[in-house]
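The next block holds one structure in the form of structure tokens; read it before the comments.
The values are calculated or read from the model by the stated rules, or taken from the named source; none is laboratory data. None of these values were measured; they are calculated from a predicted model. Every residue, glycine as well, gets a Cβ built from its backbone with ideal geometry; the counts of neighbours run over all protein chains shown. In case anyone asks, the SASA skips ligands and DNA or RNA and just uses the protein heavy atoms, side chains included. Shrake-Rupley method; radii C 1.70, N 1.55, O 1.52, S 1.80 Å.
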Amino acid sequence: EIPDEQKTAWKKHTASGFKNKEDFETTLARSLYNCDEGAAYGGTALAFRDRLIIDWNKTQQSHTFADQKHLSLEFLMGRALDNAMLNVGLKDVARDLGFRMEDVIGIERDAALGNGGLGRLAACFLDSLASLDYPAWGYGLRYRYGIFKQEIINGYQVEVPDYWLDFNPWEFPRHDVTVDIQFYGNVRKYNDDNGRQVSVWENGEIVTANAYDVPIPGYNTPTTNNLRLWSSKAASGEFDFQKFNSGEYEQSVHDQMRAETISAVLYPNDNLDRGKELRLKQQYFWCAASLHDIVRRFKKSKKAWKEFPNQIAIQLNDTHPTLAIPELQRILVDNEGLDWDTAWNIVVNTFGYTNHTVMAEALEKWSVPLIQHLLPRHLEIIYEINLHFLQYVERTFPKDRDMLSRVSIVEESNPKMIRMAFLAIVGSHKVNGVAELHSDLIKTTIFKDFVKIYGQDKFTNVTNGITPRRWLHQANPKLSELIASKLGGYDFLKDLTLLHKIEAYADDKQFRKAFQDIKYANKTRLANYIKETTGVSVNPAALFDIQVKRIHEYKRQQLNIFGVIHRYLALKAMSPEERKKMQPRVSIFGGKAAPGYWMAKCIIHLVNEVGRVVNNDPEIGDALKVIFIEDYNVSKCEIIAPASDISEHISTAGTEASGTSNMKFVLNGGLIIGTCDGANIEITREIGEENIFLFGNLAEDVEDIRHQHTYEGVLIDDGLQKVFDAIHSGMFGHSDEFSALTNTVVNHDHWLTSADFEAYCKTHDSIDEAFKDQEAWLHKTILAVARMGFFTADRCIEEYAEMIWNVEPQKLKQNG
Ligand code: 26Y
């Protein structure tokens, strides 16, 4: 006899897509008698997927042109099922499967094809493009391993491979869509019948790109866009059979593995360029496959080449896809026979380039010998692009001889290097930064000369945003529902500026209470998660102070943990009575360190050791808890973001291009402690400076302070000195483990940890004070939520569409 709840389960499946019990059983090759959560997830996912396919096909048939293509090496998608259900509007149907929906959803693995902010931004943009009915495709790499899983063992980060593809119902292999990609070889020149010199790139090694498509459903619209991911395979099918038959088994297997290695793994560095050959191979493989695909579709339209930029806009997510620029030029000149200038005009009008950093160590450069070896024809093209560019610069600025070496795409170092950001600027018609301060900084620092050369108009700003579908409605359904109850529906999910109407309820007692209850419930949900995963009990009534993001010195998790130690020392020095009067806190950290980033790993270790000491100190109790959440990712962020009272966005001023988690936390009713950096500045302008806790030195002063450090030494703040003394005393384990961390502060303090320490601690004290007045606090948080409308990714997409792509939405005809 089938248990009752399982009967309901498959009845609901029927409603959401399955025709009958047999359908369920055959799809999953499993009897309903042993339907567990995994099977329930599989069944539901396959059912929803089937629904999406219909809309997806319709969309792809109707959107033949005026397309935007987004080239990004990273798409940090997270889970798909919940999002698909919400977007299609069937979450209610699937709600009670006889299992708890959260548990079924929780089975899905994150699609974690990205490192952090840049990859997640690309994912938010895909959601907005589909939701706003823009015809757009994303192009990426189908990594067999996404970002590693992080385990914390004895307080240290350990990296574990993320094999995520064993059951992935969201991808469709397109066996008929393949592109042969060439590497290495040589360039042969000859003159054709018209005396024109022709270049042929030949004798290379071929690797095949296979397309895998992922449907991207829009919210409350049938528009379903496509994310095409390329996977690498040896060119001659499975094996080189000749080699195989002639006994060279090893060589034939080796060739196959070499080819498959290209799309095997995501590089886990963010903001640090390492110049590895395999990464360059990944970049070219994916750029060439994507461009081939785009050009193939364009040629089917039989339009003239000069129409290309009117039909297609390609946005480069940072410089990682910059090889697409010489590749398109190569296709147009070598394969299609266009003259250089005509081709170049098409190229420049097609591409737009988004910059995500001003930090020198993150700016990509590739060595000339490496490119020469791997992509000989591209190197020639890059040199020719540079020649034309420098000739133009020389004509325009005949007196400024240094200008040429400063702006040259080829850096005259040993070995010579190709500066990818410069190539991206020269090959694009627009360049944008991702927040106002950042866009101003690129124009006045790293790209200053290019503003002189091309004028202000080529440079613009599109401040980042986030999708409110995932980051409000999905992550925080109760808050979304409360807002909807006041606004008379969910229109705000597509026009986030409507949120301003809840300002009227900031003083409404009932609304405040409901808002507060939701925050408490979300904190309880996180507290339960922390208990389950770390064994530590935290009190949901305490102030939750959260910093989750990639671990990086510029993001200054070290400032945070030093501040926590400072607080711990202060608490220890108090009498029990005094301690009782203090605002209880939970300091929560999460984030991955790049595997080779020693200092970042030291920070993780210190946080864990401080947690071990503080959480087991009977004198401290609830007054302070320190938690490190293992393996921070998109789906965990959906639990974490709704649960903050305060979140930390405390990068050294001028280093964080924008930040996007700052937006997620405020939208979910938490306040920010932050520096005047990235989008914090615009968030302050929108929500009001009385609703954010800003501190620290300003970007314009950072260079002077560093200069001072070099010539006068670093002044260590008194409070920070006590923290260092505690660390050195062995309070948190062997102090040698942390000497690198304290030494960099003492030696250079490049990130201004000491210079900002006092202001940081004082600001935390004022947060404690402010939190005591819960009514005033609620007032602030409600106003902040109401004023976050600007930070929707929908607004970003509209700005890109108007300023950079020159495209309009194309609504599908319903039931057409
Ligand atoms: C060159 C390579 C190693 C590299 C790989 C990944 C370089 C950079 C990255 C990733 C950068 C990144 O995630 N940048 C972040 O982009 C977000 C979206 O614009 C910003 O909000 C955030 O401030 C910025 O750090």
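What Kirkwood hydrodynamic radius, in Å, does segment 105-161 give when the mean of 1/r is taken over all pairs of distinct Cα atoms and then inverted?
Evaluated over segment 105-161, this radius sits at 13.7 Å.
May I ask you to give the solvent-accessible area per residue for segment 743-806, in square angstrom, as obtained with a 1.4 angstrom probe?
Result: 38 Å² per residue.
Which lysines have a Cα lying under 20 Å from the Cα of Lys494, excluding residues fewer than 8 positions away in the same chain?
By straight Cα distance, Lys494 reaches Lys91, Lys478, Lys486, Lys664, Lys811, Lys813.
Over all distinct alpha-carbon pairs, what is the Kirkwood Rh of segment 360-484 in angstrom?
After inverting the pairwise mean of 1/r, the radius is 17.1 Å.
Over segment 456-518, average the accessible area per residue using a 1.4 Å probe and give it in Å², no decimals.
In whole numbers, segment 456-518 has 44 Å² accessible per residue.
Mind giving me the nanometre distance, one decimal, between the label points for Ser413 and Asn528, set 7 Å out from Cα along Cα→Cβ?
Placing both labels 7 Å beyond Cα along the Cβ direction yields 5.2 nm.
Report the extension gain between Met599 and Glu151 in nm, rounded to one decimal, defined as 0.36 nm multiplied by the number of residues separating them, less their alpha carbon distance.
Length gained, Met599 through Glu151: 159.5 nm.
Hey, any idea what Rg/Rh is for segment 175-282, computing Rh the Kirkwood way over Cα pairs?
Looking at segment 175-282, the ratio lands at 1.11.
Of all accessible surface on the chain at a 1.4 Å probe, what whole percent is carbon and sulfur?
Roughly 50 percent of what the probe reaches on the chain is carbon or sulfur.
Under 14 Å from a point 7 Å along the Cα-to-Cβ line of Asn806: which residues of segment 402-431 have their amide N that close?
Answer for this model: 429-430.
I'd like the FRET efficiency for Arg685 and Lys772, computed as 1/(1 + (r/R0)^6) with the beta carbon distance as r and R0 of 30 Å, rounded to 0.05.
0.65
How far apart, in nm, are two points set 7 Å out from the Cα along the Cα-to-Cβ line at Thr261 and at His500?
Computed distance between label sites Thr261 and His500 equals 5.7 nm.
Multiplying the sequence separation of Glu758 and Gln510 by 0.36 nm and subtracting their Cα-Cα distance, what value in nm do you get?
Full-extension gain reported as 85.4 nm.
Under the 0.36 nm per residue contour assumption, what length would be gained going from the current alpha-carbon distance of Arg297 and Glu159 to full extension?
Here the answer is 45.6 nm.
How much mean residue ellipticity at 222 nm does the chain get from its helices, if each DSSP H run of length 4 or more adds -39500 (n - 2.57) and you divide by all residues, to the nearest 500 deg cm²/dmol?
Calculated from helices alone, the mean residue ellipticity at 222 nm is -14000 deg cm²/dmol.
How much of the pair distance distribution for segment 644-722 lies past 18 Å, counting alpha-carbon pairs only, in percent?
47 percent
Express the accessible area of segment 662-726 per residue in Å², computed with a 1.4 Å probe while the remaining protein chains stay in the model.
43 Å²
Would you list the P(r) distribution for segment 557-605, with all Cα-Cα distances sorted into 5 Å bins from 0 and each bin expressed as a whole %?
All Cα pairs, binned at 5 Å, distribute as 5, 17, 23, 18, 13, 10, 7, 5, 2, 0 percent.
If you rank Ser263, Ser575 by how much accessible surface each has, with a 1.4 Å probe, what is the order from largest down?
Ser575, Ser263
Please express the Cα-Cα pair-distance distribution P(r) of segment 269-329 as a list of whole percents, one per 5 Å bin, running from 0 to the bin with the greatest distance.
Going from the shortest bin to the longest, the percentages are 4, 15, 25, 23, 14, 9, 6, 4, 1.
If you plug each phi of segment 216-227 into the Karplus form 6.51 cos²θ - 1.76 cosθ + 1.60 with θ = phi - 60°, what whole-Hz ³J(HN,Hα) values come out, in order, with x for Gly and Pro?
10, x, x, 7, 6, 7, x, 4, 10, 8, 10, 10
Give the whole-number value, in cubic angstrom per residue, of the convex hull volume spanned by the C-alpha atoms of segment 208-345.
Enclosed volume per residue, from the Cα hull, is 178 Å³.
How high is the FRET efficiency from Leu387 to Leu715, r the C-beta distance, R0 60 Å, rounded to 0.05?
After rounding to 0.05, the efficiency reads 0.75.
So how far apart, in nm, are the two label points at Glu277 and Asp176 if each is 7 Å from Cα heading toward Cβ?
3.8 nm
Under the Kirkwood approximation for Rh and a Cα-based Rg, what ratio Rg/Rh is obtained for the chain?
Value, to two decimals: 0.97.
Round to the nearest 0.05 the FRET efficiency obtained for Glu578 and Ala484 when R0 = 45 Å and r is the Cβ-Cβ distance.
For Glu578 and Ala484, the calculated efficiency is 0.50.
Positive end of the dipole of the chain, charges at C-beta (+1 Lys, Arg; -1 Asp, Glu), about the Cα centre: which of Leu332, Ile681, Val434 has its Cα farthest in that direction?
Of the candidates, Leu332 comes out farthest on the positive side.
Distance from the Cα centre of segment 529-559 to that of segment 614-680, in angstrom?
Going from one Cα centre to the other spans 7 Å.
Past 18 Å, Cα to Cα, is the threshold; run Lys501/Lys636; Lys581/Lys625; Lys523/Lys580 against it and keep the listed order.
As for pairs spanning more than 18 Å Cα to Cα, those are Lys501/Lys636; Lys523/Lys580.
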